[in-house]
Amino acid sequence: MTGFLGLKTEHNFLLLIRDSDTITTALRQALAEASPEERPGLERAAALVESTAAATEAELRARWVRTRLAAVAFTGDIASVSAAKALRQAEPKLSLLAAVQLQKDALAHPQ
């Protein structure tokens, strides 16, 4: 989950909110109460959540950038000026400074 904070119409940072610990706890509780038939699926789900939770904030921002670029059908070079423009098109409240920093995160953490 993401959000922008601030009073200006343009924002310089992206706030990441992680709730994977809550999801992991719920899955572990469900796993403890699961029937033998349900266990394999819940074990797989718990493992996926735990592996996703291990991602760094920069990796999450990079993933977010790619998702937002895909939302505006951008398929070019992430390092290009066009990518920063497309990112700001996808998120109009994003400042140029923030778009460039997010672009750097995406370049530093390829898929």
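Could you grab the pairs with beta carbons closer than 6 Å, sequence gap of 6+ or different chains, first residue in region 88-106 and touching a residue at least 24 places away in the same chain (Cβ under 8 Å) and open to solvent by 100 Å² or more (accessible area, probe 1.4 Å), second one outside any helix (DSSP H, G or I) and not basic (K, R)? Sorted first by the residue in region 88-106, then by its partner, the pairs are K93/F4; K93/H11; L97/N12. Tell me which residues, restricted to region 9-25, are modelled with pLDDT of 75 or more and open to solvent by less than 60 Å² (accessible area, probe 1.4 Å). The answer is S20, T24.
Out of region 36-60, which residues are open to solvent by 40 Å² or more (accessible area, probe 1.4 Å) and assigned to a loop (DSSP other than H, G, I, E, B)? Within region 36-60, P36, E37, E38, A54, T56 qualify. Screening I78 against (1) part of a loop (DSSP other than H, G, I, E, B); (2) in contact with a Leu (Cβ under 9 Å, 6 or more places away or on another chain); (3) loosely packed, with under 15 Cβ neighbours inside 10 Å leaves a single unmet condition, (3). You will find that of S20, S80, the residue that is out of contact with any helix residue (DSSP H, G or I) (no Cβ under 6 Å at 6 or more places or on another chain) and not β-branched (V, I, T) is S80 and no other. Step by step: first the residues of region 24-35, then only those that are in a helix (DSSP H, G or I) and not aliphatic (A, V, I, L, M), then the one that is nearest to the chain's Cα centre (by Cα). Which residue is that? Looking at residues that are in a helix (DSSP H, G or I) and not aliphatic (A, V, I, L, M), I get T24.
The values are calculated or read from the model by the stated rules, or taken from the named source; none is laboratory data. Please read all numbers here as calculations on a predicted model, not as lab measurements. Please note: Cβ atoms are built from the backbone with ideal geometry, for glycine as well, and neighbour counts cover all protein chains shown. Ligands, DNA and RNA are stripped out before the accessible areas are found, and what is left, the full protein with its side chains, is counted by its heavy atoms. Shrake-Rupley method; radii C 1.70, N 1.55, O 1.52, S 1.80 Å.
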